């Protein structure tokens, strides 16, 4: 559970840091490429890296299927809880980290997560990475063979 708590901490810290960057921004920041616009703050890249590292740590520990399922569910549903307009894209991009944890899922958990993912991320709105996640969940759920890239 240590990895899950660390993962949740990454998201909470990112939301705090992005909020600080928004609060410190001047109305003219970013105009004509000058100033410190909040979207260029280093917290975005730091968040992405921390999520990747934390998920790798969880995967390296060969997690129990329940732990993997909890981590995958948290990451895939995070955009609802941490989806401020300025951070939603990086939160969404970090979803790709689940690809390292999907092999640890039990078939029933993969099936449940796929159903949930189909509800929160409709096919028509998915980016290529999200399509890859859905395919990996389908394969883990035994519903479809994973296509080779």
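Tabulated values for the structure
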quantity: Added length on full extension, which subtracts the Cα-Cα distance from 0.36 nm per residue, residue 57 to residue 88; calculated: 8.8 nm
quantity: Order by protection proxy (mean Cβ within 10 Å, highest first), peptides 92-104, 8-20; calculated: 92-104, 8-20
quantity: Whole-number D in µm²/s for region 48-139 (Stokes-Einstein; Kirkwood sum over Cα pairs; 4 °C, 1.567 mPa s); calculated: 98
quantity: Linear extension gain, residue 5 paired with residue 123, 0.36 nm per residue minus alpha-carbon span; calculated: 39.5 nm
quantity: Extension gain from residue 106 to residue 23, taking 0.36 nm per residue of separation minus the Cα-Cα distance; calculated: 25.6 nm
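We did not get these values from a lab; they are worked out from the coordinates using the rules stated. Source: prediction; values computed, not measured. Cβ sites come from the backbone with ideal geometry, for glycine too, and all protein chains shown count toward neighbours.
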